[in-house]
Amino acid sequence: MESLAHRIREKLSKVPVVSTFTKTGTITVEEFICAGDLLVSKFPSWAWADVAPSKRKKYLPAKKQFLICHRVPSLLGVNVLPTFSDAHTEGDWIDFGSSEKAVPVEIDELSDDDKEKPKESIDVDDVDDIDDIDDVDDVDDIDDVDDLDDLDDVKPVESKPKEKVKKESCRLFDVSITYCKEYRVPRFWIQGFDEDSKPLANSDVMSKEINKDYAGKTVTAEPHPFSKIPCLTVHPCRHGQVMKAFYDQLRNEKGELYYTVDVYLILFLKFVGSVAPAIQCDFTTSL
Amino acid sequence: MSAAAFKTKPFEDRLEEARGVRERFPDRIPIIIEKDKRATELPELDRFKFLFPSHFFVVQLLYVLKERLHLPQTDAFYLFINDQAPTNSQTLQSLYDNNKNEDGFLYMKYSSQAAFGGEEEE
């Protein structure tokens, strides 16, 4: 719940100027602007937004009050995502396709019985050699991330496959990122619209788009700091810790941070996007 | 058989198996999924060979796997192919076309980054 006390705190908290990002995962306004500039340059769907002069936050540049990505489609409601019980086994494969479409196979290879079962119970005891995993060292290691340059290769977002976004269920979202002075982190906001650009009720968006693990807990409806329209937002109190952990995971062999603060928002979208997995605001492929 | 053991099978055997499964299920993508070895806090999947419809989005895959692993509510979950995390909106077909192994399988690893309150939480 966004209380009066919070708003007062936000007003009174000082604008941070000293960079503490490597220690706390939080960023200064300057770092926010720098990371925002990179986001906008790499991903043209994102843009800086300005507001009426009276509504501007003075600690942010006039033309760079917050970041917005307009009318992002939702691929599907989380509730229609497949579940493991939709799967069936095909030999030693777990198959999520519908069995009717399979090319017919010789009867001795796959009994009809197998096909009909919607779900075969999977027994952990079947896996008798899980210990082997530790013995194998040839597994590629994520530590070898050596392709920051790939950022340059990221193609602008191509248009979404239209047939997947059915007309009758077309739901679009304005996704924005503001700077939260109190927690010194970016803050993520979502506002939904139907195909006629009529705003969706936050309760509707909450129930259909927000991962149930987060709905009503980490994600709540609060007035957007600029438009004052109630939007869904992810509470920022843990963002610093999460971002620090994210960066720490990507240290090089010498223990130095692999990424600089400019890619902060690109990484941020990767983790914060998981609250609304179907809303396509994370366009990064190579991080 | 584990994913690690599977990868030590002779290349020709794997090639043959991928060819066979692609022939039988032309609209599915054969994916070998295992845990990133550094993600010690995550459980292992009890199976590692998956067939997913080629039109599936990555987001659907993530969702299914999280469900299967009974991940704690506050955990986020990431997939990596050759150390790169695909976007939610890529289809498995495009992932397969661009990243499949020479043996015809698509190999993925999963890892977690505890979001919204992490390992460092006191």
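The values are calculated or read from the model by the stated rules, or taken from the named source; none is laboratory data. This is a predicted model, so every value here is computed, not measured. Using ideal geometry, Cβ is built from the backbone for each residue, glycine included, and neighbour counts are taken over all protein chains shown. Surface areas here come from the heavy atoms of the whole protein model, side chains and all, with no ligands, DNA or RNA. Shrake-Rupley method; radii C 1.70, N 1.55, O 1.52, S 1.80 Å.
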| task | Please name which of A:F271, A:L250, A:H239 has its Cα lying farthest along the dipole of segment A:195-287 towards the positive end, using unit charges on Cβ (Lys, Arg +1; Asp, Glu -1) and the Cα centre as origin. | result | A:H239
| query | Counting partner chain Cβ atoms within 10 Å of every residue's Cβ in B:42-55, what's the average? | reply | 5
| Taking only C-alpha pairs under 8 Å that are 6+ residues apart, what is the relative contact order of chain B in percent? | 32 percent
| field | B:R68 accessible area, assembled protein chains, probe 1.4 Å, Å² | value | 50 Å²
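Wrap a convex hull around the Cα atoms of segment B:24-71, take a quarter of its surface area, and give that in square nanometres.
Values: hull surface 14.7 nm².
The number I arrive at for segment B:24-71 is 3.7 nm².
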| request: In whole Hz, with x marking every Gly and Pro, tabulate ³J(HN,Hα) for segment A:35-47 from phi via Karplus 6.51 cos²θ - 1.76 cosθ + 1.60, θ = phi - 60°. | output: 5, x, 4, 5, 4, 5, 6, 7, 10, x, 5, 8, 9
| query | Using a 1.4 Å probe on the protein chains only, how many percent of the accessible area of segment B:33-106 belongs to carbon and sulfur? | reply | 45 percent
| What list of ³J(HN,Hα) couplings, whole Hz, do you get for segment B:2-7 from phi and the Karplus terms 6.51, -1.76, 1.60, once you set θ to phi - 60° and write x for glycine and proline? | 10, 4, 5, 5, 4, 5
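Let me know the Kirkwood hydrodynamic radius for segment B:3-111, please, with Cα pairs as the basis and the value in Å to one decimal.
On the way: mean 1/r = 0.0698 Å⁻¹.
Hydrodynamic radius (Kirkwood, Cα only) of segment B:3-111 equals 14.3 Å.
For A:E10 and A:K254, FRET efficiency with R0 = 41 Å and r from the beta-carbon atoms, rounded to 0.05?
On the way: r = 39 Å, r/R0 = 0.94.
Rounded to the nearest 0.05, the efficiency is 0.60.
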| Mind checking the mean number of beta-carbon atoms from other chains within 10 Å of the Cβ atoms in A:235-246? | 4
| request: Compute the acute angle (0 to 90°) between the alpha-carbon long axis of helix B:58-69 and the principal axis of greatest extent of the alpha-carbon atoms of chain B; round to the nearest 10°. | output: 70 degrees
| note | Between A:E90 and residues 5 or more places away or on another chain, the pairs with built amide H atoms under 5 Å apart involve A:D95
| query | Tell me, what ³J(HN,Hα) does each residue in segment A:182-197 have, in order and in whole Hz, if you take phi through Karplus 6.51 cos²θ - 1.76 cosθ + 1.60 with θ = phi - 60° and put x for Gly and Pro? | reply | 5, 9, 6, 9, x, 10, 9, 10, 10, 10, x, 9, 8, 5, 9, 6
| query | Using 0.36 nm per residue, how much length does the chain from A:S227 to A:V17 gain when fully extended, once their Cα-Cα distance is taken away? | reply | 73.0 nm
| request: Could you list which residues have their amide H under 5 Å from that of B:Y107, counting only those 5 or more apart in sequence or on another chain, with H placed in the peptide plane? | output: B:I32, B:N101
| Buried accessible area, chains B and A (both chains, 1.4 Å probe, Å² to nearest 100) | 6100 Å²
| remark: With every protein chain kept in place and a 1.4 Å probe, segment B:3-111 has an accessible area per residue in Å² of 38 Å²
| said: Could you tell me how far the Cα centroid of segment A:229-274 sits from the Cα centroid of segment B:23-71, in Å? | reply: 25 Å
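How well do other chains shield peptide B:20-31, expressed as the mean number of their Cβ atoms within 10 Å of each residue Cβ? Could you put the intermediate results ahead of the total?
Values: counts 3, 4, 0, 2, 9, 9, 3, 5, 7, 2, 2, 2.
Taking the mean over all residues of the peptide, I get 4.
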